[in-house]
Every structure is written in C-alpha cells, then in structure tokens.
Amino acid sequence: MRTPLALLAALLLAVPLTGHAQDGRATLEAAARALGADALKSLEFSGNGVHFALGQSAAPGQPWPRFNLKSFTRSVNYETASLRDEIVRTQAENPPRGGGQQPVRGEQRQSFHLSGDHAWNVMGTAAIPAPITLAERQMQLWTTPHGVVKAALANNATVQGNMIAFAVPGRLRVRAALTPQGLVERVEAVIHNAVLGDTPVEITYADYKDVGGVRFPARIRQAAGGFPTLDLTVTDVKPNVAVDITAPDDVRQAGAPYARVATQMVADGVWYLTGGSHHSVVIEMKDHLVVVEGPLNDERALAVIAEARTLAPGKPIRYVVASHHHFDHSGGLRAFAGEGVTVITHESSRAFFERSLAAPATVRPDHAAKAGRTPVVEGARDKRVLTDGTRTIELHHIAGNAHADGLLMVYLPKEKLLSEADVFTPPPAGTAPPPPSSFTVNFADNLKRLGLSVDRLLPLHGRIVPIADLYTAVGHGH
Ligand SMILES: [Zn+2]
C-alpha cells in the first residue's frame, strides 16, 4: 500500500546524499579497519557443513537438495579478483531425491575456479570452461566480508546508517548490514540466473574471530532463490597466504563454448544437436518445428534456435519441450520464450515456468527481458501427443522418478526413438556403465510399463545408444 508517508520516505531516499558522502566513506573505512581489510590481499578459509544444489530440487517450490561437505576450502585473491573452491562432498539425501549429480558415490571432489572474467572447473588434469558460473563466483568473491568492503570502497557505495549499497553494472547488486563494530553481518545480493532472471542471494556472517588482526566469521550461511545453499562452520582461516590463480590458455581461448553446435541427422527430419554438455533434438513437422530441450542459457538456446532454422528454413519453431525444471536443462527457455516459442512442460512445473519465464532480469537484461513478450507455457500430464497428421510425437511422464517429479520423455513411435534427460546417461563408448541409479531403474520400469518400442535413445547428455545399453546398465533382470 502506498501511503503518503511511504511516498515521502521514497522522495527523501531519492535525494542525492552528497552531504553524507564523507560520512559514508568514513563508515566504510571504519569497517575496513575493524575487519582488517586494508592489509588483506588474499585469504584462505576452510571448514565443513552442508551445501545445497541450486536449481536441482525434486519439484518446483521445494528446497534445493542437500550434500554433506566433508571439507570446503575457499581461496581468494582480492588483488587479482580470483577465487578457488576445493570441495569434498558426500551424498546426504537418502534415498536420492533431486539433481546435482546424485547419487554421489563415496567422496566426490570438486574444484571450482575464477580469475577475472574467466570461470572454469578442474576435473583431474582437465580445465573445463564454465562461464555459466561466472556471475555466481564473482558474487561469492565480492560478498566475502572483506570483499564487500573492498568492493564498496571501489564502487562508490552509498551508506545509510549501518547499510552499505553498491552495484557492479551487469554483474550484481549488493546491500550489506554492518554491526556497530563495523563487521559485515548480513549481505543481500542480486545476480542474474538464466532461469530465474534477477535472483536474490542472502548471506549471514556470525561468530567473528580474530586471526592475527583479521576478523573472520566462524559461521557462514547462504540462501539463494528462496532456499538454503550453504551452512558452513569455519575451522581454519589463513590471511595473506599465497593465492595464485590464473586461467589456463585453453580457458582463455574458449570463446563462447555454449554456442558450439554439432548436428547429426538421426532420421528423416529428426536431428540430434550436441557440441557441449547438454543436447537438444529438433523435429520437423509439416509446417513447423518442435525442439526438445532448451538447456543452459541464452548463448546455448540462441545457437540451437539458429541451427534449427538452418535445418528447416522457413519453418517456425512452434514448441520447445522441457524435459524437467532443473536449471541446467531449462536455462535456455527464457530465450525460446523471447522468440515467441511455446514452452511445453509437465503440468507440475507449469506455474513455475509461467512465473520464471516472465521474471524481470534487470541486473543483466537477457534475451527475454529485451524481447518483452508474454511467455506461453502449456502443460502435459501422463501423456500428450503432438501431430501434424503425418508425424507423431508422444510426450510421456516418467512417473515416480525421484530425480524430478515432472520429468517428460519424448517418444517418436514411427522412428522408435526416445529422448530423455538425466535418468540414463550412457558412459563414453567402450567404458562400463556405473551401477544403475534408482533414477535409471525407474526409467526402465516406466518404459516397460508403457510398452514403448524403442530402437535408439537420444539422451540429452552423453551419446546415442541402442536401447539394449539401458537394459545392460540396469541388469538383464529388466
Ligand atoms: Zn536434472
């Protein structure tokens, strides 16, 4: 409700705070002194606790799935704007429910890196570009207690009472609350997310300890998109240790990795689009195209859309089918909606996508925000058929699958092709599949229940395989 008093307050806040600028700077400098930020060039802290996989809930509106953090070490270098997380984690959800690489078997090591505008992951000896994580990692760097104050001083922060506010254009907006002693106790950031648009992040810092003149919290809690993402107990802090993180050449030269599309025709008018981590399928109908999956982000989706248009010139893309609501699989849907393509999802995710596809993206305006169209989302329940009288596409619910409640698979009965996400990812050729997850067993059970006659799988991760590979993976008893 907009009362006259609220209006007056809004007007007062809009007045430039020139008279207070000196006070603001003094507040920030006092905070820097209290935290020991001035002389702090780098920092390493370690601990344990739990973290949660953003965007990987079992159903929209449910919490992000939890993982045990056996160890977590974050190294930051404020002078080179770089960060490294070394993580050892284990499965926490029992039975596994939701995504985020569940089920984790034994201890899983993860190694996440940021240097300037480069983000990458290290797996074994390989550095894998991960620009999709850039906004989140830069936010992590500049929302550490010392990072907030350094960034606030560098970005002309406004200060009102104990609240600091600043923005890094195109990257993030930050508001932070200081304790009377000048310590950062709460941070509210907004970053861009390919699915949610403007995405709120909340961080609390508690139980500050002194380590050689540097103050650092012993408890760090984070939430993003409305649910917890981290609860860390810090056990070790090392100020000003050497932190030397530079992007390898192949990361620097990666360019636009998500825009690389490799196309293979698998049947007349059916194409399998790969080239990265998440695939799509393009299906030609009499007077339009249907695309299966709009994964990752704008860059990927716009490349897939462009490729689809060259495969069947003049035919508009009418539908994009979303396998499920996990963010890595649905991050391109905003771009499809921006192009006027109708999104088909399982009914249980329809309301979520209606909201998220229309959500504002003011931190970094994306294709959907620039296009300004009203998204159109349609649902599918147990089964939905798309047909032009010649070709038939069946969408089936993968019922009872704990990876996600609303998983859809796409079946072409005439071609005996079936596309699915995350319930069976074929291993590289010549390697044995891992023990089947409960998700894979459920998928095979669904195929049997529905009596679908399948020759080949077009998985949205991995590679095309004969259906026999699935039955080998789950054991011949199926
Ligand atoms: Zn998933």
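The values are calculated or read from the model by the stated rules, or taken from the named source; none is laboratory data. This is a predicted model, so every value here is computed, not measured. As a convention, Cβ positions derive from the backbone with ideal geometry for all residues, glycine included, and neighbour counts pool all protein chains shown. For the accessible areas, the whole protein counts, side chains as well, though only heavy atoms, and no ligand, DNA or RNA atoms are used. Shrake-Rupley method; radii C 1.70, N 1.55, O 1.52, S 1.80 Å.
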TODO: Check off (1) of a type outside the set (D, E, K, R); (2) more than 16 Å from the ligand (Cβ to nearest atom); (3) farther than 22 Å from Lys41 by Cβ; (4) not in a strand (DSSP E or B) for Pro63 and give me the number that stays unchecked.
DONE: (2)
Task: Given (1) within 16 Å of the ligand (Cβ to nearest atom); (2) surrounded by fewer than 24 Cβ atoms within 10 Å (Cβ to Cβ); (3) under 23 Å from Leu417 (Cα atoms), index of the condition Val385 fails - done: (1)
TODO: Please go through segment 333-364 and pick out each residue that is hydrophobic (A, V, I, L, M, F, W, C) and in a loop (DSSP other than H, G, I, E, B).
DONE: Val341, Ala358, Ala359, Ala361, Val363
Open item on the list: Being over 19 Å from the mean Cα position of the chain (by Cα) and either within 16 Å of the ligand (Cβ to nearest atom) or within 19 Å of Gly55 (Cα to Cα) (or both) is the filter here; which residues of segment 96-111 pass it?
Closed with: Pro96
- [ ] Could you tell me which of the residues Glu415, Glu394 is surrounded by 17 or more Cβ atoms within 10 Å (Cβ to Cβ), among the charged types (D, E, K, R) and within 26 Å of Ala58 (Cβ to Cβ)?
- [x] Glu394
Open item on the list: Checking the structure you have, find out if any residue of segment 223-231 is more than 29 Å from Leu357 (Cα to Cα), of a type outside the set (Val, Ile, Thr) and in contact (Cβ under 8 Å) with a residue 60 or more places away in the chain.
Closed with: yes
- [ ] Out of Leu69, Leu54, report the one residue that is modelled with pLDDT of 95 or more, open to solvent by less than 10 Å² (accessible area, probe 1.4 Å) and out of contact with any Cys (no Cβ under 6 Å at 6 or more places or on another chain).
- [x] Leu69
TODO: Tell me which of these Ile191 doesn't satisfy, since it passes every other one: (1) buried (at least 22 other Cβ atoms within 10 Å of the Cβ); (2) under 22 Å from Ala59 (Cβ atoms); (3) not small (Gly, Ala, Ser).
DONE: (2)
Open item on the list: Checking the condition more than 22 Å from Gly99 (Cα to Cα), in a loop (DSSP other than H, G, I, E, B) and in contact (Cβ under 8 Å) with a residue 24 or more places away in the chain, which residue from Gly430, Gly389, Gly400 passes?
Closed with: Gly389
Task: Every residue from segment 123-165 that is part of a strand (DSSP E or B), farther than 24 Å from Glu86 by Cα and open to solvent by 10 Å² or more (accessible area, probe 1.4 Å) - done: Thr158, Val159, Gln160, Met163, Ala165
TODO: Within segment 87-96, identify whether any single residue is buried (at least 19 other Cβ atoms within 10 Å of the Cβ) and either among the aromatic types (Phe, Trp, Tyr) or within 14 Å of Lys238 (Cα to Cα) (or both), and answer yes or no.
DONE: no
Task: Criterion (in contact (Cβ under 8 Å) with a residue 40 or more places away in the chain, away from the ligand (no atom under 16 Å from the Cβ) and open to solvent by 30 Å² or more (accessible area, probe 1.4 Å)) met by exactly one of Asp38, Asp23 - done: Asp23
Task: Those residues of segment 166-182 which are open to solvent by 90 Å² or more (accessible area, probe 1.4 Å), in contact (Cβ under 8 Å) with a residue 24 or more places away in the chain and under 12 Å from Val148 (Cα atoms), in sequence order - done: Arg173
TODO: Being open to solvent by less than 10 Å² (accessible area, probe 1.4 Å), within 16 Å of the ligand (Cβ to nearest atom) and not basic (Lys, Arg) narrows it down to one of Ser348, Ser330, so name that one.
DONE: Ser330
Task: Entirely in segment 214-279, the strands (runs of 3 or more DSSP E) that have 2 or more residues that are surrounded by fewer than 18 Cβ atoms within 10 Å (Cβ to Cβ) - done: 214-224, 227-239, 262-267
Task: Members of segment 41-51 that are of a type in the set (A, V, I, L, M, F, W, C) and either open to solvent by 40 Å² or more (accessible area, probe 1.4 Å) or under 23 Å from Gly182 (Cβ atoms) (or both) - done: Leu43, Phe45
Open item on the list: On the basis of being touching a residue at least 12 places away in the same chain (Cβ under 8 Å), more than 26 Å from Pro459 (Cβ to Cβ), hydrophobic (A, V, I, L, M, F, W, C) and more than 16 Å from the ligand (Cβ to nearest atom), does Val363 make the cut?
Closed with: yes
- [ ] Report yes if some residue within segment 393-413 is at pLDDT 95 or above, over 25 Å from Ser277 (Cβ atoms) and either basic (Lys, Arg) or under 21 Å from the mean Cα position of the chain (by Cα) (or both); otherwise report no.
- [x] no
TODO: Sort through Ala308, Ala303, Ala335, Ala322 and tell me the only one that's surrounded by fewer than 24 Cβ atoms within 10 Å (Cβ to Cβ) and either within 19 Å of the chain's Cα centre (by Cα) or away from the ligand (no atom under 16 Å from the Cβ) (or both).
DONE: Ala303
Task: Residue list for segment 104-122, restricted to those being surrounded by 16 or more Cβ atoms within 10 Å (Cβ to Cβ) and either part of a loop (DSSP other than H, G, I, E, B) or among the β-branched types (Val, Ile, Thr) (or both) - done: Val104, Val122
- [ ] Report yes if Leu447 is part of a strand (DSSP E or B) and crowded, with 18+ Cβ neighbours inside 10 Å, otherwise no.
- [x] no
Open item on the list: I want to confirm something. Restricting to segment 373-385 and keeping residues that are in contact (Cβ under 8 Å) with a residue 24 or more places away in the chain and in a loop (DSSP other than H, G, I, E, B), which single residue is nearest to Arg318 (Cα to Cα)?
Closed with: Val376
Open item on the list: Looking only at segment 397-421, how many residues end up being within 11 Å of the ligand (Cβ to nearest atom) and acidic (Asp, Glu)?
Closed with: 1
